[in-house]
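Scroll down for the structure; my scribbles are underneath it.
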Amino acid sequence: MFQPIQTLPFPGFALSKLLEIGFLYCEDLWCNEASTRDANELLRPWGSDACEQMKLQASSVVTRSALDIWQEECSLGSVVTFCKELDDALGGGVPLQSVTELCGAPGSGKTQMCLQLCVDVQIPRCCGGVEGTAMYIDTKSGFTPSRLADMATAWAEHCRAAYSREVTVDELLRGVSYVATHDVTQLMAALHLAHRRLRDDPQVKLLVVDSLTFPFQYSAANSLGKTRLLSVAMDKLHAMASAHKIAVVVTNQLNTRVVPGRDSRLVPAQGESFAHRVNQRLLLGRPPGGRHAAVLLKGVAGPRVSAAFQILQDGIRDCTPPG
């Protein structure tokens, strides 16, 4: 199947010019030397060998069957949350090779869930885990090492008692790499650093960005610029999740949406367009009664469901012990 010329990453006026001189498909650009020369001349502002780059990209596209993709997905595994109800709602836990969003008000448990996942991603394969490490990008200074140590201590003790496997707290804490950012520029640099780290370290199986949207909420850039940068950030996260087969978890806050003539309500920040960019969306909350709840607003494993969980000294747990 031929690739339309409009799919190339060039400005509209350049694509219109290519269409005017007879290039309808990407393959037309390199069908002969004369065509390649003419197209390179037109696209010179974007690189002296733009056509060759496009040809290399086109030749690197690999077609796979749905069966191959499904079998690979089944073999990857998931990062469990230590809440069976929530894991069941997600189809076994937070899946690898996808982007999961945790949204909610302050105190709803977003950061606690992220810290728990940083411990759980290190569970050995013999214990049903993915045996990886985590990267944690913190944009709002919410990372608490003491809470991570509490969760690591609880898992180390459970691993020793249930599996007779010696795991130290220091080892678990060493398995979490931490990066602090304070504005959009530093966040984009951290995502670039993460991409390089993933190429060099295949052990990394979880990337957390807590919170992805926070720097964009308070950035001085105009609305269009912030939207474009957030889209670039999501593109990077999806590329990393897909290429390196990792779980990406981002957190998001709630904003008040005011509808004239109707009651205002809390909704996830960045609007519905952002919801289309994630694979799973979990809304976390704290209803009366001391428990926490998670509602799967968007997922691939099943219909919209809710799950209750507790945040204890040991970390995220079921509200009732499994029978």
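The values are calculated or read from the model by the stated rules, or taken from the named source; none is laboratory data. Predicted, not measured: the structure shown is a model, and the values here were computed from it. Quick reminder, even Gly has a Cβ in these numbers, built from the backbone with ideal geometry, and neighbours come from all protein chains shown.
Just one of the numbered conditions (1) in a strand (DSSP E or B); (2) modelled with pLDDT of 90 or more is not true of Leu212: (1).
The set of residues in segment 259-284 being among the β-branched types (Val, Ile, Thr) and either touching a His at 6+ places or on another chain (Cβ under 8 Å) or at pLDDT below 80 (or both) consists of Val259 alone. Consider Val249 carefully, then state whether it is under 21 Å from Ser108 (Cβ atoms) and either surrounded by fewer than 20 Cβ atoms within 10 Å (Cβ to Cβ) or within 12 Å of the chain's Cα centre (by Cα) (or both). Yes. So, Lys226, is that one assigned to a loop (DSSP other than H, G, I, E, B) and either under 23 Å from Gly271 (Cβ atoms) or not assigned by TED's automatic domain parsing to the domain that holds Gln116 (or both) or not? No, not satisfied. Against the definition (hydrophobic (A, V, I, L, M, F, W, C) and over 23 Å from the mean Cα position of the chain (by Cα)), how does Ala162 come out, yes or no? Yes. Being in a helix (DSSP H, G or I), within 21 Å of Asp87 (Cα to Cα) and in contact with a helix residue (DSSP H, G or I) (Cβ under 9 Å, 6 or more places away or on another chain) holds for only one residue in Gln116, Gln122, and it is Gln116. Among the candidates Ala241, Ala308, the residue that is assigned by TED's automatic domain parsing to the domain that holds His192, closer than 30 Å to Ala149 by Cβ, more than 16 Å from the chain's Cα centre (by Cα) and not in a loop (DSSP other than H, G, I, E, B) is uniquely Ala308. Are any of the residues in segment 141-151 of a type in the set (D, E, K, R), over 16 Å from the mean Cα position of the chain (by Cα) and buried (at least 16 other Cβ atoms within 10 Å of the Cβ)? For segment 141-151, residues of a type in the set (D, E, K, R), over 16 Å from the mean Cα position of the chain (by Cα) and buried (at least 16 other Cβ atoms within 10 Å of the Cβ): present. Being touching a residue at least 40 places away in the same chain (Cβ under 8 Å), touching a Ser or Thr at 6+ places or on another chain (Cβ under 8 Å) and surrounded by 18 or more Cβ atoms within 10 Å (Cβ to Cβ) is the filter here; which residues of segment 286-322 pass it? Of everything in segment 286-322, those that are touching a residue at least 40 places away in the same chain (Cβ under 8 Å), touching a Ser or Thr at 6+ places or on another chain (Cβ under 8 Å) and surrounded by 18 or more Cβ atoms within 10 Å (Cβ to Cβ) turn out to be His292, Ala294, Leu296, Phe309, Ile316.
Within segment 249-271, the presence of a residue that is in a helix (DSSP H, G or I) and aliphatic (A, V, I, L, M) is excluded. Of the helices (runs of 4 or more DSSP H) lying entirely inside segment 17-111, the ones with 1 or more residues being at pLDDT below 80 and under 22 Å from the mean Cα position of the chain (by Cα) are found at 66-76. Restricting attention to segment 175-185, the residues being among the polar types (S, T, N, Q) and closer than 10 Å to Ile137 by Cα number 2.
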